[in-house]
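Bear in mind these aren't lab numbers, they're just calculated from the coordinates by the rules spelled out. Model, not experiment: these values are computed from the prediction. For neighbour counting, all protein chains shown are included, and Cβ atoms are generated from backbone atoms with ideal geometry for every residue, glycine included.
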Amino acid sequence: MSAHALHYYISLFLTTATTVGLGVFVLFQKHKQPLHKIFAWYSFAIGYWSLLQALMTMARNSATSLLLGRMMFVGVMLIPALFFHFVTCLLDKDGLRRWLVPNYLTCVAFIALIASPAFISKTIFCPILNGYFVAPGRLFFWHLLWYLSVANYCLFLLWKSVASASGPRRNQFLYLALGSTLGYLGGWPNYLYMFDRLIPVLNPFGTYAVPLYVAMTAYAIVRHQLMDIRIILRTSLVYSFLVGCITVTYLVAVMIMERWFQGFIGYRSLLATGLVGCLIAAFFNPLRQWIQALVDRALFSATPPELAAQREQLLVEVSKSDQMKAVATLAAGLAHEIRNPLSVIKTFTEHIDADREDPEFQRKFKRIVGGEVERINLIAQRLLDFAKPSPPQLISVSVPQLLDDTLELLGNELAQRHVEVTRQYQDAPPILGDPKQLKQVFLNLLLNSLQAVNGHGQFAIKTAVVGQHLEVRISDNGCGIPKEHLERIFEPFFTTRSSGTGLGLAVVKGIVEDHGGKISIESRLNEGTTASVRFPMALSGLGMNSVTNNTDQIGLNP
Amino acid sequence: MGKRRILIADDEEGIRESLGLILGDDYELEFAMDGQETLTKLVGGGFDLALLDIKMPKMDGIEVMKRLRQQQVKVPVFVLSAYQSVELAREAVNLGALDYLPKPFEREHIVQAVRGALAAT
C-alpha cells in the first residue's frame, strides 16, 4: 500500500472513531438538551461518511464500490443539514428556524436522487488509492453548490458569533469555529478524487483536520463548557488515556528497536522486547508524570498537586463562608437575645443603691440577675458552637436533641414569621456524628425552609428508623422548588436568590456524606418541600424498633 | 389623687421585675404573665395604662389588642416587643396602641413614655 493510501485510510478511520466517540459522549450527557442530540447526529453523519468512503475505496469490485459510494452519500447529504440545525440551535437563531424544514427537504430530495445515474454515474479506478471511487453525474454539481453554500454560511455564522460574544461564550465559539473551519477545509479535498484531481498535501493529509476538529470541539466542551456540558474528567479516564499513550509508545519503541537489532546484530530476539520493557519500566513514571502534567495543564490549567491545593483552599473558603452566613443570620437575632437579659441586669444594678437593704430585692436580684447571666452564657455557647471551626469529632449523638437545639436557636425567627413547627420523633438509638456539623446541616435546611414559607408556614420535623438508618424529614409548606432547579440544588454556587451564595446545600450534602449518610430533596411547586436525610445508626442500636411517638408543637399560638 | 394603675403584661419574669423596679415607686402595678390573663384583667377594668408584650403564651399582644377593640375596652396601651419590626409596630398602632416601645428598653424612655401617656388622659 502506498504512503498516500495509508494516510488516506488512517485519516478516514480516525475521523470515524473520533466523531462517533464524541457523538456518543455528547448523546449520553446527564442533563440532555435537544442541542446535544442534534450535535450527536451531526457527528454520527460525519463518522458514517468517513467509514463508508474508506469501505468504498477498499471494495475489490466496481459494483460493490458503487453501492457503498451511494450509501456514503446519504451521510454526506446529512452533514450540511445537521450542521445548519446545530448552528441554529447553538446560536439561538430564531430567525433561521424557518429555514430548517426547507433545508432538510433539500437534503431528503438529494438523498432521493442518489440512486439515479444522473447523480452518480459510475465508478472510476483511482490508481493512487488502488481502489474505486464514484464519479459525478450531471446533477451532482447542484448538490455541491448546496453543500458549500450551507456549510460556508454556517461557518460565517459561527465566526460572527465569535466576534460578537464575550467571556466564556467567546472561547466556546472560537474553538468550535476554528475546528469546524479546519474540518471543512480538510474534508472537502476528498471530493477531488471523484474528478481525478488532487491537491498535494491536502490529499491525503487534509482529512486529518476532521479529527482535529473533533479534538478542538472536545476541548471547547471540557475546558469551556460548550453546549453547557460540564465535565469532571475522572482520574480513571485520564489514566486510561495515559495507558493508551504509553502502550503506543511501547509498540513503536519495540518496532524500532527490533529493526535496529536486526540491522546491527542480525537477529530478532526477545532481548529487544526485554530491553524495551526495561526502558519503559524505567521511564514509565517520569513519562506518566510528564503526560499527566501536560493533560492537566491543557485541560485544567494546573497540575494535580496545584489542583488539590486549589480544591482544599476552595473547601476551606466554602466552609468558612457558609459558617459566616449562618452566623450572620443568627447574629441579628442573637444580639437581640443578649441585649434583653442585659437590660434586665442593668435595671437591677441601677436599683442596688436604693433597694439593697430590702430582703425582697436581694432575693429577686439573686434569682433574676443570676438567671439572666446564665441565659447570656447559654447564648454565647450556642454561638460558639456554630462559629468556631473545629475538626469533625464523631461521638454518639441524639438527633432529636440536635434538632431541638437548632429549633431553639431559630425560635426567634420562627415566631417572628409565624411558623408553626410540628415535631414527631420516633425513639431511636443515637448515631455517630459531629454535633456541630449536624446542627449546621439542620440549620441550613431549616433556613431554606424559612425562606420558602415567607411567613405563616408550617414545618413538620420527623425522625424515623428506616432499616439500619435513622431518617430525618424536614418538611415545609412553602413555595417549592421548580423541577429544573431540583436536580441542581446541591451544586456548589447554584442559587436562585440574588443574595444567596449557593453553598448552603452543597455544604449540607458534604457533611451528610462525610457521616456516611444520604440526602434527598423532594418538592412540589406551591405545595412544599421535604428534605430527607438518612444517617447510619450506631451498631449497638441495630434492629431496634419504634417504642413511642412524641408529638408536640411550638409556635406563636401554642 | 391616688396612684395611677398600670398593668404590665410580659411572660418573662426579668422584664416584669425590671419594669416593676422602674415604675413601682410612682405607680400601682399589676402583672400578667400571658395574653389570656392580660385580657381578663383589662376587661375587668380599673387600669389607666397597660404595657403589653407582643410575644406571649396563650394569646399574643396583637390578639389582645384585637379583642380589646371588639369588646370596646378603652385603655391606653404601649406595646413592648423584642422584634423591632416596623410591620408589627404599625399593626399594633393601627389597632389603637399609643406607641411601640422596643425591647431592650431604656429606663428613661419608659419613664417618659408612661408619664406622657398618663398626663394626656
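Just a few scattered comments:
- Estimated FRET transfer efficiency (B:V43, A:E350; beta-carbon r; R0 35 Å; 0.05): 0.55
- Estimated FRET transfer efficiency when R0 is 25 angstrom, pair A:R170-A:R488 (beta carbons, to 0.05): 0.55
- Computed helical MRE - 222 nm, chain B, DSSP H runs ≥ 4 contributing -39500 (n - 2.57), nearest 500: -13500 deg cm²/dmol
- Ordered by the number of other Cβ atoms lying within 10 Å of each residue's own Cβ, fewest first, A:C154, A:C126 fall into the sequence A:C126, A:C154.
- Label-point separation, A:E413 to A:H7 (7 Å along Cα→Cβ), nm: 6.7 nm
- Each residue, A:V24 and A:T64, gets one label point 7 Å from its Cα in the Cβ direction; the gap between the two is 2.6 nm.
- Amide N of region A:135-168 lying under 14 Å from the label point, which is placed 7 angstrom from the Cα of A:V101 along Cα→Cβ: none
- When the alpha carbon coordinates of chain B are projected onto the principal axes, the ranges are 31, 29, 26 Å, largest first.
- Model label points for A:I376 and A:K122, set 7 angstrom from Cα along the Cα-to-Cβ axis, are 10.6 nm apart.
- In terms of distances greater than 28 angstrom between alpha carbons, the cross-link table entries A:K509/B:K58; A:K462/A:K483; A:K366/A:K439; A:K346/B:K55 yield A:K509/B:K58; A:K366/A:K439.
- Ordering of A:441-451, A:179-189, A:51-61, A:89-99 by burial proxy (mean other Cβ atoms within 10 Å per residue, highest first): A:441-451, A:179-189, A:51-61, A:89-99
- Between amide H atoms placed 1.01 Å from N, distances below 5 Å from B:K55 occur with B:G61, B:A82, all of them 5 or more places distant or on a separate chain.
- The fewest-to-most ranking of A:L402, A:L12 by surrounding Cβ atoms within 10 Å reads A:L402, A:L12.
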